[in-house]
Structures are given as C-alpha cells and as structure tokens.
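Below is one structure, written out as structure tokens; comments come after it.
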Amino acid sequence: MSQDPAQALAAVVPPELRDLLRGRQLVLARPVGGPHAGRHTGVRAGLGDQFRGHRPYSPGDDPRRIDWRAVARRDRLVLRQTDAEDALSLVLLVDAGGGMSYGTGSSNKLRHASALAGALAHLALRQGDSLGFGLGRAGELELAQLRPRAGASRLAALAHALTREPTGICPWPDLVAAIAPSLPRRSLVLLLSDLLDPDPNKPDADELLLRNLAALRSRGHDVVLVQVLHRDELEFPWTERGMLRFEDPRGAREPLEGHAPGLRADYLERLHAHLAGLDRGCADAGLHLHRSVSDEPLTGALLALLARLAGHPEPAPLTLEARR
Amino acid sequence: MSLLAPLMLLGLLGLALPLLAHLRGKEQPRKLAFAALRFLAPRDVVITQRRRLRDRVLLALRLGLLALLILALTRPVSVGDARVAVLGEAHDAVLLLDASFSMGLQVDGHSLRAASDDAAAAILEALPAGSRVGLLTTDPGGPRLELSADPDRVREAVAHWASEPAGAGAWTLESGLPGALALLRQAGEGPQRQVVYAIGDFTARGLGSLPTTAAPEVPVVPVAAAGSLTAPPPVPEHMSLESVAWSPARELDPQAVHISGEVRRHGPADGLVRRIVLVLRIADEPAARAEIDVPAAGLASFEFTHTIAAAGPTAASVEIAELDNDPLPGDEVRHLWLAGEDSIHVALVNGDPSEMRAHDEVFFLATALAASGSARRLRVHSLAPDQLEARLRGEDRLADVDVLVLANVRAPADDIAAALRERVAAGMGLWISVGDRVDARSYNARLGPLLPLLLREPLVVGTAPGRTEARTEAVAPPNLAHPILLGLQGELGLLGTRTRRIFLLEPDASRNAEVALSFTSGAPALLSRPYERGRVALLTTSIDRDWSDLPLRPGFVPLAERVLAWLDTGHPGGAATTILAGEPRFIPTDRPISVLTPDGHERVLPPEREGQAVFKDTLVPGHYRVTRPSGEPLTFAVQRDPAESDTTMVPVRPPTLDGDQVLAAAQHPRWRPLVLLAALLLLLETLLRLRRASPR
C-alpha cells in the first residue's frame, strides 16, 4: 500500500466523495480535550477566539488580558477568558467481519463503511487531528494502530486495513472493552458496523456491547455508532416460491432453508425489534446512533454523518415503515 | 392407420417415470449469504420433498413429450388405396411418371400428380428383394435416376416431385418409354427381367397411350395415379378454353380484329347447360365481357370484336372468369398477341396452270395454305411466270414478297435468275418444287448458286437398276432435327406418301444442304440451304398430284406452313406467333438476344446455327417479348396444348406380366409429424423450465 495520502485516499474513497471533501471541515458539537492545539473548541480555557467568560485577576496574570470595560462595570480587576482550541483524537472502530461483505459493487456494506471512514480520517488528519483505528476480523482484534497520531501515514495504514477481505466475526464487546484503557482523554470513538449480530458466540452480546460503550461514554469519550445496512436486510425483498438457503457469511451460525414468503414477516418483525432496542439503548447511554443504507449515494451519507457530528438534529429514524 | 412396431406401446408404461420423479424430486435451494441470519426463524418445518404435484403444466409437457416419442417409435403408417400389380421376382424396374398438365386434375382434393406419390410408394414397397429401380418423368427437365438397389432415393425424389404443382407441359406417357428403355439398357443386360411401371391418368395421352411392351421382353405396367385399373376414380367436370384465334376485321375498321374461340366442358355428358363468363383482357385490363352457355360435355363458341388502339403488337388474353374451384386450374386462360399488320406475303408462281383446279400446279398448295389453322397470317397470291419476270424487272423487284414459290416453273432467264439471286441474298425465301417443266441443266446454270444441291435428272420410280419391283417411293421417317421440323413429333402424317417420279440430285457436301425429308430409297425429298440472308428449300417431286400424292396427305398442310415459316426471314416469326407450351421458338438473329418470359425472367440466348436462336424454355403460358440488338423486337405467345385439358377416360388394359405377381398398396409413414410435435413440446418445456428457474 502506498504511503502517498492521495493514493491511500483513492483506495477507499470514490472520486465523487473526494470532490466533496475539498474545503470541508470536520466540526464537532461537543468540545474536545486533546493535549495538542488544534481547531476544535476545547473543554478548558486557552488561547482561542471564542469568548469563555471572566475571572478575577490574580497576581501573576498577564495584565494585557485584563478586560477594562468589565473592570469599569464591576469595579474590580477581571480577566477575559477564551476557549482553548485543541486537536481531536479520532478513533475509528471498523467491523471487518464477514457480515460486512454483503452487497455487490457500490452497495457492498464494507465498501460503504470504508468510504465513510476514509473520508472522516482524511478530514481529521488534514486539519491536524490525530487518528487511531482498530478492526475486528476473523474473531481477532487488530489494535496496532489504535493510539491516535497525526500524519498521512495513518491514512495509508487505514486504507490498507480496509481493503483487506472481510471474514469471520468482529467481536464487538471484546473490541470495545479492549480499547477503553488506551484511549486519550475525550476521544471521539466512531464505530462502523451493521450491528446486526455483535458477537454470535455470546448470547447477550447486544447488551454487553451497549454496556461497554456506555462505560466509554462515562469516561468522557464521545461515542458515535454508524450502522451500515443493506437494503435487502431492511426489506427482505425475496418473493420467489422456490427454496432459499440462507448462510451466515461469518460462518458462525447454522444455515437455514425456507421459502421467502413464509420467512419475511417474522424476519421483519425481529429486525424491527432489534433496531428499536438499539435506538433505545443508545439513547439511554448517551450514544449517538447514525444509520446509513449502503445503496444510497455516499456523498449524501457523508454529509448526513458530518451534520450529525456537528450537532444538527437527528434525522427521522431509519425503520422499515419509514423506508416503505 | 396401423403400427409397424406395436410392442413399442409398452413404452407408455414409462410415463410413470416422470410422474414419480416429479413427486420424489428434491428441490435444490438457492444459496444466499445473509448477515442478519439471526433474525430468521422458520415457523414450520421446511419440507423440501414434494408430496403433491406443483408444476402441473411442466409435468403435462414432459408426459406429452414422452408419449409422442413412444408413439413415433411404434412407426404408425397409413395404407393407401392404390393397388398395383408388381412382378413377384427380383427385377429391374423404371418408374415412369406422367408430368403433363393433365396430371394437375384435382380428384378428391388432391392432384393426380400428388397422388402419384402413393402409387410409386406402393410399387417401391412391393418390389421384391434384389430388385433395382430407376426413375424418369415425361418432362425432359424432370428428375432422372439411374437404376439402383436403394428404393429410398427414388421414394424421396418422387415425393419431392409430386409436391410440386403440375406444369403446362404436353407430353404423352408413351413419349417417356424410350428414355425408360435407355435407363434399363444403361443398367446393363442381366439375368433379371425388366419392367417399366408407368404412372399416369386414364386419358388417351396418359395410360391410354401406352403399348403393352416398351421393347421385346420389357413389359409396360400401367399404374393409375389415383384409384386402380379396376376401380378408376370419378373424373370431375371442368372447363377449358379450347382455342382462341384472331382475324382482321377490316370491314369494320383498319385496326379492328375478331377474337374467337371455343370453350369445352369436360366431364359427364349428362347435366344442364352451364352459363359461364368470358373476359377479354387487353394489356392486362378487362376490355370486354361475355356470357355463353356451354352444354354438358360439349363445345360453345364465342367471338369478341376489338379495335386495337396501340401501335404494334398488343398483349391480349381471354379467360373464363368466376370459375371457382375448377378441378384442372390453368386452362381457363389463353394468351395471344394482336397485331394489325402481321402477315407473310407468299407469291406462288404457277409453272403449270390449268383451268381444271385439280390439275393446277399450285391448287393444292394454295388450298392447304388457305385451310391453315395457324395464327400466322399468310397473304398468298399467284403469279404467272411472265408476271414474275415483269415484277423482277420492274422497280419494286418483289420487294413486298417474303417467300416466293416456284412451282414447276421453267428456268428463268439469266437476268431474272440474277434478280432472284439478289432478292434471296437480301432475305427473301425461295421454295422450288420440280415437275415436268423443270430442266436440270437450265436450273443448274441459272439458279445453281441458290440450289441446295444441283439437279441431275428426273427419275420414274421403279426404272432405276435394281428397283424394278416398286412403282412408288414412300417417305422415310422425317428428320425432326431439321430446323423446318424442329419441335414436331412422330411421322407427321407423311409416311403413306406414294411418289412416282422424283428428281435426282448431284451430291455435293460443300453446299451444306440439310435434308428434312427423304424417300425410302434414301433420295432427298425436301432439303434446304441458307443463301446469304435468305433461305432456299427444294422439293424433289411435284407439289401437285402429277408426280406424288404428297398434297393429299394430312401432314402436307403443317409441312407447307413450316416450310414457309422457315423461309420467311424477312418477318422473323411474326408478332402474333402462338406456340404450344414446350415447343421451341426459333428467332432469327446473328447476335445474342434476350427473352422476357411471362413470369418476369429475362433469358439471354446466343444464336445457334444458321443465324437463329432457339428458345426452348416455353413451359410457362403467357406473353413473351424478345429483344434483339439488330432488328425490331419480337413477341410471341405460349398457350397450353388443349389436348392436355381432355380428361376423358379411356379404357386401359390391365398389365400382362408373366410369372408371379404381387398386389401391393403403399404404406405412408405418419410418424414424422409426431416427431415434429415432440420437438415443439421439448422447446416449450425448455422455455418454461428456464423461465421458472431464472432469478428475480
């Protein structure tokens, strides 16, 4: 894999999305708390442009920061404070399990997720933020690049990791639990997965994942779940009378045979319940959940995700009824 | 309908196989990799083995396909009704098929030509093992297969031939016997007997024309195309246009013509008078219409009068209109060309006139030409020898004469002879007949360059050394290859001619004379020779009864017509010439010509011998147009031979075969439609299966 950022970007981000990235910035709604100066509003006071407040003058403070107008109004010495501008620590967690291999061409789920991840990484690195990432593939955790760093080499490493063939399962609860101790303060943790079956080997994987994510959130990290789904998974469109054999692309569950018309109603009901439960769990734990359908245009999907990160209102929930 | 292999019906038990396979068959599911598998859960146990018929259409198709194949394997055949007597021992056989127009007669919904297939199949089925068989039709352009031990190739050739419509050709079945004999001879003389099986209709020109043997030891077996010799099929009634001719009607208008003819009603003599509609078409447009009553099995005449508007030859036709479902279609129309001025000017120079008509030198010739039924117009007038001299010395120099006949005329003077030579060289025809007034020395001296052969001396038959017994000479079979007689057949009605005196000739191969008729002694009777642009014919006996009874013979009239037509090079054939289908058309030309046929084909012909082209492809009735690089365009019409419309049945003698005979009937295979139907079902089955199996 090339170390050239442009070539690395081209490996995972299609041209129309690269055009969209020109002149665009990654803006976050919540303040960050990184150790390095950057472009995001920090949680502490510092040398920024955004007015933060006044505090009483203490000996040793720089007299040039005294706000004389406020002194006149308050009849005591006060200093003008501004928000610090820090760099973001962006941590991407990508599902590289076999479940993400569904779909052909541009509707492939991993391809869709990779494009979004590559675009976000490019925006972050371009504005001086740090990037770390981890993957779950074939039941293993790939965390070598988890520690956030700035520099184009990270983008190349991400592109290299995302272009590998998805296989096996991505053990989400283990992955989230494993990264928690290593994250810098106030990182933005962004998960990209279909979140349909977080760990087939664990019966309570859904709850365990939500608990682990809630723990991350309680440590001050911002957690965003990007759920990438295929339209077939949302609509179960098969109506043929012939027999279908559904096989698990991760190889973790037993195949199932049946006629599509007889399976559809049950499937949609169960899927709907799962998505609703995920919505509730995220809302309760203060997590941000953003859904994207892999056959929709990538440009629209990225703009929606950026808007979501910038604090714009959450779009209508992506449910079966809404799709119909 | 019967089955050649009925045991194959047991194969119908195999129909149970697809039924069982359909019921026991396990459906192969389509595989899908699906990440949300955890949300799928069947409510009931999935049954992948069928317990009831799901695809009834597909199953029905497969069962029908199998049943058809089994039925085809039983080899169903139908037995024809033609019973044929076939020699019961291995022999060499030739199937001779009647290809004439009358075989197009529809009997019981099928033409006799198509029914010939059944009769031929019956013979081929019944031929004993070891026999060889060949095929021939009376149509020279029809199929011809040499003898072989493989009857299938003959069967296929007959089936193909019988499926084509009958043409307009007019051939007797007997005319094919020489060709059949040639096929047998070509196969070699072997120990096996030889038989000709002739398949035709019950007409005089069909089975009625057949002799009992084609050659010694080669019997001819007549085979009815439909029915059998003992039970002939009923002949349906049909109408035909028997003849059409035209003549100028100058008493009405210089361009007026009478078009007359006859309609014949063929079939049973009983029945009512039938009214039919006749339409005269000029240049393909209806010009007149008439209704006539035709008695049962009788003739009715008609006549139209029409004024020709266009200059030059006009295409015309007369047809019986509104005649639906005629059993013999094709003979309800006759084509002809109308031409205001189209005649051959014949000048008869009477060298021995007499007040008694029977003794007049040209009486018989003039009478024959006046009685000619040819559509060609002959303007005949007589000249005395002095009138001939005056004309030749005058300014016109016989310019309007196309053919000059010197009938027993003394040798002309030198200047007259020179003028004659000049006129013949310019294209005039000259027919010389001899007699008492012809002097060999004078003729040789003055007209020698014109004569086909120089004259030696007259001879009284029976006075020559060695010929004292016979007092008359007969005419030998004519040389039908001579251009004068081309297209004619038979002995022309001249064989009984008795000639008492003939003129002997000097042999001279350098003169390129061609003999059309000879006496039985070998002496030439009628010979010819081209002379520059003209032609000369010489009759070596008198044209009246003084030396011969030739003028009394029935063949004299057509012979005189033919001689005059051949001599007429100035009017090459005439615009209104009508010939019968199959007859050759001789077209004077020295360069290639093109002939436009009624069906729109253009044929290019090179000239053959004596500056004329021979067009033989005249089997399509209608109007023909000839374009010549030099000279004016020509037209001629081709009509069907009315004899072929005559479907009157004649008694046919049963075959006389020595030895065992086999009475056989044809078995026609009927499994081919079953196989075709099975192929269609297979195609439908494939399409249906592909449609069901295709992904959404």
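Computed from the coordinates by the stated procedures, all read-outs in this text should not be read as laboratory data. From a predicted model like this one, the values you see are computed outputs, not experimental measurements. A quick note on method: Cβ atoms are made from the backbone with ideal geometry, for glycine too, and the neighbour counts reach across all protein chains shown.
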Restricted to the protein assembly as shown, the DSSP antiparallel beta bridge percent, nearest 5, is 60
Give me the distance in nm between label points sitting 7 Å out from Cα along the Cα-to-Cβ direction at B:GLU156 and B:HIS258, one decimal. 5.8
Between region B:149-188 and region B:304-345, the Cα center-to-center distance that results, in Å: 34
P(r) of region A:102-223 in 10 Å steps, Cα pairs, percent per bin? 12, 43, 37, 7, 0
Proximal charge balance of B:ILE416 [Cβ under 11 Å; K/R count +1, D/E count -1]: +2
Can you tell me the relative contact order of region B:314-357? Whole percent, Cα pairs under 8 Å, sequence separation 6 or more. 42
Given Cβ charges of +1 for Lys and Arg and -1 for Asp and Glu, the option among A:GLY97, A:LEU303, A:GLY33 whose Cα lies farthest towards the positive end of the dipole of chain A is A:GLY33
Give the percent of DSSP beta bridges with both residues in chain A that are antiparallel, rounded to the nearest 5. 45
Rounded to the nearest 5, the percent of DSSP beta bridges in region A:165-313 running antiparallel is 25
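In whole Å and largest first, what semi-axes does the C-alpha gyration tensor of region B:343-567 yield when each eigenvalue is scaled by 5 and square-rooted? Walk me through the numbers on the way to the answer.
On the way: eigenvalues 125, 79, 62 Å².
Taking √(5λ) for each eigenvalue gives 25, 20, 18 Å, largest first.
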Using Cα-Cα distances under 8 Å and only pairs 6 or more residues apart, what relative contact order does chain B have, in percent? 16
Treat every Asp and Glu Cβ in chain A as -1 and every Lys and Arg Cβ as +1, leave all other atoms uncharged, and give the resulting dipole magnitude about the Cα centre to the nearest 20 debye. 1700
Interchain or long-range residues, amide H under 5 Å from B:GLU242's placed H: B:GLU262, B:VAL263, B:ARG264
Two decimals is fine: what is log10 I(q)/I(0) at q = 0.08 Å⁻¹ for the protein assembly as shown, from a Debye sum with one equal scatterer on every Cα and no solvent? -0.90
At q = 0.14, 0.16 Å⁻¹, what log₁₀ I(q)/I(0) does a Debye calculation on the Cα points of region A:24-144 give, no solvent, two decimals? -0.73, -0.85
Straight-line reach from B:LYS31: which lysines fall under 25 Å, measuring Cα to Cα and dropping same-chain residues less than 8 apart? A:LYS109
D (µm²/s, integer) via Stokes-Einstein for region B:349-461, Kirkwood Rh across alpha-carbon pairs, 4 °C, 1.567 mPa s: value 87
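Short version: what are the Cα gyration tensor semi-axes of chain B, square root of 5 times each eigenvalue, largest first, in whole Å?
Result for chain B: semi-axes of 67, 32, 24 Å.
Output the relative contact order of region A:38-85, whole-number percent, from Cα pairs under 8 angstrom with separation of 6+ residues.
Values: 78 pairs, mean separation 27.9, N = 48.
Answer for region A:38-85 is 58 percent.
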Sort B:PHE34, B:PHE39 so that the residue with the fewest other Cβ atoms within 10 Å of its own Cβ comes first and the one with the most comes last. B:PHE39, B:PHE34
Kirkwood-based Rg over Rh for region B:241-340 (C-alpha set), two decimals? 1.01
Taking N as the residue count of region A:38-85, its alpha carbon Rg divided by 2.2 N^0.38 Å gives 1.19
Give me a single rounded figure for A:233-246: the average over its residues of other chain Cβ atoms within 10 Å of their Cβ. 5
Report, by chain and number, residues whose modeled amide H sits under 5 Å from the one on B:ILE344, excluding near sequence neighbours (fewer than 5 apart, same chain). B:ARG377, B:LEU378, B:ARG379
List the residues, sorted by chain then number, that are 5 or more residues from B:ARG30 or on another chain and whose placed amide H is less than 5 Å from its amide H. A:MET243, A:LEU244, A:ARG245
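Determine the sum of side-chain charges near B:LEU495: Lys and Arg each +1, Asp and Glu each -1, restricted to other residues whose C-beta is under 13 angstrom from that of B:LEU495.
With Lys, Arg at +1 and Asp, Glu at -1, the neighbours total -1.
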Go from 0 up to the bin containing the longest alpha carbon distance in chain A, width 20 Å each, and give me the % of pairs per bin. 30, 51, 16, 3, 0
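If you rank B:PHE302, A:PHE133, B:PHE363, A:PHE51 by fewest surrounding Cβ atoms within 10 Å, what's the result? The partial results should precede the final answer.
Working: B:PHE302 19, A:PHE133 25, B:PHE363 22, A:PHE51 11.
Starting with the residue having the fewest Cβ neighbours, the order is A:PHE51, B:PHE302, B:PHE363, A:PHE133.
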Let me spell out the model: positive unit charges on the Cβ of Lys and Arg, negative unit charges on the Cβ of Asp and Glu, origin at the Cα centre of region B:241-340. What dipole size does that give, in debye rounded to 20? 180
Cα lying deepest toward the dipole's positive end in chain B, options B:VAL563, B:VAL461, B:ALA119, charges on Cβ: B:ALA119
Please order B:HIS482, A:HIS272 by the number of other Cβ within 10 Å, starting at the fewest. A:HIS272, B:HIS482
Total charge dipole magnitude, the protein assembly as shown, about the Cα centre, Cβ charges on Lys, Arg, Asp, Glu only, Debye to nearest 20: 7360
With θ set to phi - 60° and the Karplus curve 6.51 cos²θ - 1.76 cosθ + 1.60, what are the ³J(HN,Hα) couplings of region B:96-112 in order, to the nearest whole Hz, using x for Gly and Pro? 10, 10, 7, 9, 6, 4, 5, 6, x, 4, 8, 10, 6, x, 10, 6, 4
Report the local net charge at B:ALA35: Lys and Arg +1, Asp and Glu -1, summed over other residues whose C-beta lies under 11 Å from its C-beta. -3
